[in-house]
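The values are calculated or read from the model by the stated rules, or taken from the named source; none is laboratory data. Computed from a predicted structure; not experimentally measured. Positions of Cβ are generated from backbone atoms using ideal geometry, with glycine treated the same way; all protein chains shown enter the neighbour counts.
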Amino acid sequence: MPPVVNQGDQLLIPLLDQENKAVHIQWQQDLSARSADYFALTVDNITTGQQQTLLSIFKTDASFSTGEQVPFFIAAEFYKNSTKANAKHISKVGTEEPGVTGMVTNAEGYKITVDSNLQYGQKNAAGELRFVVYHDKARKPYQHRFIETAVGSAGAGKAQEIAKSFGFGAIGDSAGNLAKSFVGDYLHTF
């Protein structure tokens, strides 16, 4: 199974909403404890999606993607509305994509291109269960820190969604087994 995301692909990062809750990632680096908050999202790879054009009832064209779903972790300081002044905030590195709700055009999310600003983790060299991380690359957490924390701290519904995006059907068979697949491996840069 090829990876669901590769360098050059475009991802649609949804706007921050009240349902998104940060997860706290902890790791050891340079003999000291480190931690940071991240948002665990499931985003759409619009490159792999088939763009379909719809003619809405208001005779305006709107498109949506049916692309692959990609697990995506973004550092809180690059995503929260209160940190938009940050030069690496998603609003500064992505292109705002409009969505259409009835007669009102509003933002749907930010389109970003997968490049060396992003890192990834995966189960094996074949790219199975690949996920993407957007953060300060000076941080060096192991891949499994994202999996354990995201699945373990999410609410039941969100945990099920995250587990499904990593290829597991039930939460019970995902957290421990999945984390073991990533132990001791740093994130890779695209």
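A few notes on this one:
- Single match in ALA125, ALA138, ALA150 (criterion: buried (at least 22 other Cβ atoms within 10 Å of the Cβ) and at pLDDT 60 or above): ALA150
- Residue list for segment 40-53, filter: in a strand (DSSP E or B), at pLDDT 85 or above and under 22 Å from PRO98 (Cβ atoms): LEU41, THR42, VAL43, ASP44, ASN45
- When segment 62-91 is filtered for residues that are acidic (Asp, Glu) and either modelled with pLDDT under 95 or in a loop (DSSP other than H, G, I, E, B) (or both), only GLU68 remains.
- Close pairs from segment 69-89: first farther than 13 Å from ASN20 by Cα, partner among the basic types (Lys, Arg) and not in a strand (DSSP E or B), Cβ under 6 Å, at least 6 apart: PHE78/LYS88
- Residues in segment 1-37 that are outside any strand (DSSP E or B) and among the β-branched types (Val, Ile, Thr): VAL4, VAL5.
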